[in-house]
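**Q** Shown below is the structure under consideration.
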Amino acid sequence: MAVVTGASAGIGEAIARRLAKEGFRLLLGARREDRIRNLAEELGAEARVLDVSDRASVTAFCQGVEEAQVLVNNAGGARGADLVVEADPERWRWMWEVNVLGLVQMTRALMPALERSGRGHIVNISSTAGIEVYEGGGGYTSVKHAVHAISQTLRLELAGRPIRVTEVMPGMVKTDFALNRYQGDQEKADGVYKGVTPLTAEDVADVVAFAVTRPPHVDLDQIVMRPVQQASAYKVVRRS
Ligand code: NJP
């Protein structure tokens, strides 16, 4: 079985669709119940409401999961683009609770099930923001740097056990990510992708599918992927 968090939209939804095609049984989680239920019905999967930042919700979600081969920690995102000296603590708290503590809580809760599968695989969807910084990105880059550090630490701590850890680090992907980051400001969100052919959620799902279908002795540690027009957070060559 594969468990996907944040499967109600964007990259998580695309991963769910792709892993279903690869033949995985799926357990899908997110807060928007109608969306995950519809998707689960379409894919013949199971859906449960999940707020990764809420310990009780994580416990309830993972209840009864005896065996899981794959856990995709995808739930996450950015809120705002505050300068560090103007950081809004509520926005930063949201980013830390979902991207970092949510990932840790899910990983901890499913560890016995991953181990029982005999070939567990944790896939953390982090970001190029986990290895780069930019002005106004302090909140988001710090949480994804934390995901980067945790992924590497996990790999050390799990060495010798049958569990792989893959960190997928995408650059710009066209989803609701920017719209959510800028609290529904469509113009601002559109500006992020202006003049660029961004990655699609399916591009990321493709890479996740590749990683989880390698033979069990092969661990793809880190996969960095970007649109060709985005050489770094700083260097995006836009069509005029
Ligand atoms: O974003 P979006 P993406 N508990 O906003 C869920 C990373 N990334 O698909 O709960 C459980 O369309 C939310 O579901 P819901 C990014 O940091 C992206 O682009 O129903 N789930 C929805 O399904 C993130 O880690 C880009 O609202 C929660 C999903 O998360 C991952 O890719 C670039 C939740 C967000 O879907 C997927 O983001 C990059 C909670 N508490 C990394 N809170 C990019 N798009 O450019 C949210 O480098 N969700």
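**Q** Give all pairs with beta carbons closer than 8 Å in which a residue from region 151-173 that is within 12 Å of H121 (Cβ to Cβ) meets a residue that is open to solvent by 20 Å² or more (accessible area, probe 1.4 Å) and at pLDDT below 95; count only pairs at least 6 apart in sequence or on separate chains.
**A** P162/P216; R164/P216
**Q** Of all the residues that make up region 82-102, how many are open to solvent by 40 Å² or more (accessible area, probe 1.4 Å) and in a helix (DSSP H, G or I)?
**A** Result for region 82-102: 12.
**Q** Of these, A68, A47, A56, A40, which one is more than 10 Å from the ligand (Cβ to nearest atom), in a helix (DSSP H, G or I) and crowded, with 19+ Cβ neighbours inside 10 Å?
**A** Numbers: A68 fails: in a helix (DSSP H, G or I); A47 fails: in a helix (DSSP H, G or I); A56 fails: crowded, with 19+ Cβ neighbours inside 10 Å.
Matching residue, one of A68, A47, A56, A40: A40.
**Q** Something else about it: Can you work out which of the residues in region 202-216 that are open to solvent by 70 Å² or more (accessible area, probe 1.4 Å) and farther than 14 Å from Q69 by Cα is farthest from the chain's Cα centre (by Cα)?
**A** Here is the first cut: in region 202-216, the ones open to solvent by 70 Å² or more (accessible area, probe 1.4 Å) are 202, 206, 210, 216.
Now drop any that are not farther than 14 Å from Q69 by Cα, which leaves 202, 206, 210.
Working: E202: 13, D206: 14, F210: 16 Å.
Among those residues, the one meeting the criterion is F210.
**Q** In this structure, is R79 at pLDDT 95 or above and assigned to a helix (DSSP H, G or I)?
**A** Against the criterion (at pLDDT 95 or above and assigned to a helix (DSSP H, G or I)), R79 does not qualify.
**Q** Conditions first: (1) in contact with a helix residue (DSSP H, G or I) (Cβ under 7 Å, 6 or more places away or on another chain); (2) more than 10 Å from the ligand (Cβ to nearest atom). R108 passes all but one, so which condition is the exception?
**A** The one condition R108 does not meet is (1).
**Q** Can you tell me which residues in region 24-37 are buried (at least 20 other Cβ atoms within 10 Å of the Cβ), free of Cβ contacts under 8 Å to residues at least 40 places away in the same chain and either in a helix (DSSP H, G or I) or within 13 Å of the ligand (Cβ to nearest atom) (or both)?
**A** L28, I36
**Q** While we're looking at this one, here's another question. Would you please list the contacts, defined by Cβ atoms under 9 Å and residues six or more apart or on different chains, that run from a residue in region 1-13 that is without any contact (Cβ under 8 Å) to a residue 60 or more places away in the chain to a residue that is surrounded by fewer than 24 Cβ atoms within 10 Å (Cβ to Cβ) and among the acidic types (D, E)?
**A** S8/E33; S8/D34
**Q** What's the total number of residues in region 159-180 that are near the ligand (Cβ under 8 Å from one of its atoms) and either charged (D, E, K, R) or open to solvent by 50 Å² or more (accessible area, probe 1.4 Å) (or both)? So that I can check it myself, show each step before the final result.
**A** Residues of region 159-180 that are near the ligand (Cβ under 8 Å from one of its atoms), as a first pass: 169-180.
Now drop any that are not either charged (D, E, K, R) or open to solvent by 50 Å² or more (accessible area, probe 1.4 Å) (or both), which leaves 174, 176-177, 180.
The total comes to 4.
**Q** Which members of region 181-191 meet the condition of being open to solvent by 80 Å² or more (accessible area, probe 1.4 Å) and within 13 Å of the ligand (Cβ to nearest atom)?
**A** Matches in region 181-191: Q183 only.
**Q** Further question on the same structure: Select from region 1-23 the residues that are away from the ligand (no atom under 11 Å from the Cβ) and either within 18 Å of the chain's Cα centre (by Cα) or assigned to a helix (DSSP H, G or I) (or both) and write down the one among them that is surrounded by the fewest Cβ atoms within 10 Å (Cβ to Cβ).
**A** Here the residue is K21.
**Q** Continuing with this model, one more query. Tell me, which helices (runs of 4 or more DSSP H) lie completely within region 130-218 with 2 or more residues that are small (G, A, S), touching a strand residue (DSSP E or B) at 6+ places or on another chain (Cβ under 9 Å) and under 25 Å from R93 (Cβ atoms)?
**A** In region 130-218, there are no helices (runs of 4 or more DSSP H) which contain 2 or more residues that are small (G, A, S), touching a strand residue (DSSP E or B) at 6+ places or on another chain (Cβ under 9 Å) and under 25 Å from R93 (Cβ atoms).
The values are calculated or read from the model by the stated rules, or taken from the named source; none is laboratory data. Computed from a predicted structure; not experimentally measured. Using ideal geometry, Cβ is built from the backbone for each residue, glycine included, and neighbour counts are taken over all protein chains shown. All accessible areas refer to the heavy atoms of the entire protein, side chains included, with ligands and DNA or RNA removed. Shrake-Rupley method; radii C 1.70, N 1.55, O 1.52, S 1.80 Å.
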